[in-house]
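The values are calculated or read from the model by the stated rules, or taken from the named source; none is laboratory data. Model, not experiment: these values are computed from the prediction. Here the Cβ positions follow ideal geometry from the backbone for every residue, glycine too, while neighbour counts run over all protein chains shown. Heads up: the accessible areas ignore ligands, DNA and RNA and are worked out on the full protein's heavy atoms, side chains in. Shrake-Rupley method; radii C 1.70, N 1.55, O 1.52, S 1.80 Å.
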Amino acid sequence: MTGGELADSGSTAITPMSPYFVMALGFLQRYRKDAGVGTLASYAAPLAVAMTVAWTLLFLAWWALGIPLGPGAPVR
């Protein structure tokens with residue numbers, strides 16, 4: 001996982017461009033008829049923040065331990 005995936009995985013939960021966002025909105029509207037894009041985004045925002053923090057902490061721990069980031073990609 002590179003820095004791009006670290007930044008992207010958290011924001012995927014709240015972007016309306018994701019096909020899963022539209023699917024989740026459909027499920028949400030099944031139970032809350034008045035729900036819209038803003039409702040789903042506000043529900044998913046804490047998840048996005050938690051995922052970004054968790055991935056960042058995991059990356060920093062990985063880097064601090066000196067584990068290679070990939071084949072032929074040393075940490076330092």
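Okay, here's what the table says:
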read-out: Positions within segment 12-23 being within 18 Å of V49 (Cα to Cα) and either surrounded by 13 or more Cβ atoms within 10 Å (Cβ to Cβ) or among the β-branched types (V, I, T) (or both), in sequence order; value: T12, A13, I14, T15, S18, F21
read-out: For T52: the one exception among (1) over 15 Å from the mean Cα position of the chain (by Cα); (2) open to solvent by 40 Å² or more (accessible area, probe 1.4 Å); (3) polar (S, T, N, Q); value: (1)
read-out: Selection within segment 29-49 - open to solvent by less than 90 Å² (accessible area, probe 1.4 Å) and under 30 Å from V75 (Cβ atoms); value: A48
read-out: Cβ pairs under 7 Å, 6+ apart, first in segment 51-75 and under 19 Å from D8 (Cβ atoms) and polar (S, T, N, Q), second open to solvent by less than 90 Å² (accessible area, probe 1.4 Å) and in a strand (DSSP E or B); value: none
read-out: Selected residue (criterion: surrounded by the fewest Cβ atoms within 10 Å (Cβ to Cβ)) from residues of segment 55-76 that are of a type in the set (G, A, S) and at pLDDT below 90; value: G72
read-out: Out of G3, G26, sole residue that is open to solvent by less than 60 Å² (accessible area, probe 1.4 Å) and at pLDDT 90 or above; value: G26
read-out: Search result, residues across segment 14-23 that are among the polar types (S, T, N, Q) and either touching a Leu at 6+ places or on another chain (Cβ under 6 Å) or at pLDDT 85 or above (or both); value: none
